[in-house]
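Novice: Provided herewith is a single structure, encoded as structure tokens, for subsequent inquiry.
Nothing in this text is a laboratory measurement; each read-out follows from the coordinates by a stated rule. A quick note: this is a predicted structure, and the numbers were derived from the prediction, not measured. Counting neighbours? That spans all protein chains shown, and the Cβs are built from the backbone with ideal geometry, glycine included.
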Amino acid sequence: MMVDSRPDLKRGIGLFDAGRYYEAHEEFEHAWRAAPRAERLFVQALVHCAAACHHAARGNFPGACLQAQRAARKLAGYLPVHGGVDTLRLWRDVQAWQASWRGGQPAGRATIGVRR
């Protein structure tokens with residue numbers, strides 16, 4: 001499955017990259033429900049990434065870290081690239097986000113890298 005062939009994932013990634021994490025979470029949830037079994041954990045990892053960034057944007061760093069841990073665990077099964085997404089970069093970013101959030105600091109702009 002390539003992200004480009006899934007309009008819902010593509011929309012979710014666009015929303016995420018624009019910093020609209022709540023809306024991205026909702027789009028990823030929709031994609032997760034429609035995903036084939038083999039893709040569900042991958043899409044769920046994106047759901048967790050969006051939830052983590054949404055929590056962090058609201059200052060809930062413990063909640064953000066919990067969601068980021070879940071994302072990292074699920075992403076680990078899809079490294080280094082899956083469906084056009086640079087999952088290794090995203091997995092490393094999730095680790096960096098957690099380090100910032102554990103220190104009570106925002107992590108900066110989060111994006112999901114799609115390889116073309």
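Novice: Please give the FRET efficiency for Q105 paired with N60, using the beta carbon to beta carbon distance and R0 = 22 Å, rounded to the nearest 0.05. Write down the numbers at each step before the final one.
Specialist: Working: r = 13 Å, r/R0 = 0.61.
The value I calculate is 0.95.
Novice: Report the one residue of A35, G63, G103 whose Cα lies farthest in the direction of the positive end of the charge dipole of the chain (charges on C-beta: Lys and Arg +1, Asp and Glu -1; origin at the Cα centre).
Specialist: G103
Novice: Moving to a separate point now. So between A76 and D17, what do we pick up on full extension, going 0.36 nm a residue minus the alpha carbon distance? Mind dumping the intermediate values first?
Specialist: On the way: separation 59, 0.36 × 59 = 21.24 nm, distance 2.10 nm.
Contour length minus the Cα-Cα distance gives 19.1 nm.
Novice: Suppose every K and R has +1 on its Cβ and every D and E has -1 on its Cβ; what is the size of the dipole of region 24-78 about the Cα centre, in Debye to the nearest 20?
Specialist: On the way: 7 positive and 4 negative charges, 46 e Å.
For this selection, approximately 220 debye.
Novice: Rank these for me by crowding, I112, I13, going from fewest to most other beta carbons within 10 Å.
Specialist: By the 10 Å Cβ count, ascending, the order reads I112, I13.
Novice: Now for a different question. Mind putting a number on the dipole of the chain about its Cα centre? Charges go on the C-beta only, +1 for Lys and Arg and -1 for Asp and Glu, and I need it in Debye to the nearest 20.
Specialist: Details: 17 positive and 10 negative charges, 50 e Å.
Once rounded to the nearest 20, the dipole reads 240 debye.
Novice: Same structure, new question: Sort 81-87, 100-106, 45-51, 59-65 for me by packing, meaning the mean count of neighbouring Cβ atoms within 10 Å per residue, highest on top.
Specialist: Order by mean packing, descending: 45-51, 81-87, 59-65, 100-106.
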